[in-house]
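The values are calculated or read from the model by the stated rules, or taken from the named source; none is laboratory data. Just so it is clear, the model here is predicted, and its values are computed rather than measured. Every residue, glycine as well, gets a Cβ built from its backbone with ideal geometry; the counts of neighbours run over all protein chains shown.
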Amino acid sequence: MTLPKATSAYGKSFLARKLERGRTLLATIRKMTAADSIYQAFAGALLARLGRRDEAEAILAGMKAQKGYVPSFQLAMLHLGLGQTDDTFRYLEKAYEDRSTNLFDWVSLDP
């Protein structure tokens with residue numbers, strides 16, 4: 001991945017550090033994906049945001065092909081990362097119907 005144009009050496013250094021943090025975070029999440037599908041969803045959403053859509057879509061397809069239950073909230077998170085708004089809301093509604101506890105961990109409520 002190439003860095004965007006920066007106007008100064010500081011700007012280039014700042015962007016390089018951000019990119020490296022993203023790579024480090026992705027490597028850590030990938031190690032954790034075997035443990036829980038929530039990390040697969042995190043990794044897919046991060047990959048999509050980094051512009052690596054093919055890898056993100058492969059994770060999504062793998063999650064949908066899994067035998068057993070895959071939490072709707074996790075699928076919503078991945079669709080959000082891919083910018084697929086309609087599918088994001090469809091899975092968020094399903095998570096609400098399923099009474100997903102993850103849904104309420106991420107939704108900010110204003111009393």
Report task. Would you check if SER13 is among the small types (Gly, Ala, Ser), exposed (fewer than 13 other Cβ atoms within 10 Å of the Cβ) and modelled with pLDDT under 90? Result -> yes
Query - Failed criterion for GLY51 (all others in (1) under 20 Å from THR28 (Cβ atoms); (2) surrounded by 15 or more Cβ atoms within 10 Å (Cβ to Cβ) hold) - result: (2)
Query raised in the report: Which number in (1) in contact (Cβ under 8 Å) with a residue 24 or more places away in the chain; (2) assigned to a helix (DSSP H, G or I); (3) out of contact with any Asp or Glu (no Cβ under 8 Å at 6 or more places or on another chain) marks the one condition that VAL70 misses?
Result: (2)
Query raised in the report: Residues of segment 73-99 being under 30 Å from GLU20 (Cβ atoms) and outside any helix (DSSP H, G or I), which ones?
Result: LEU82, GLY83, GLN84
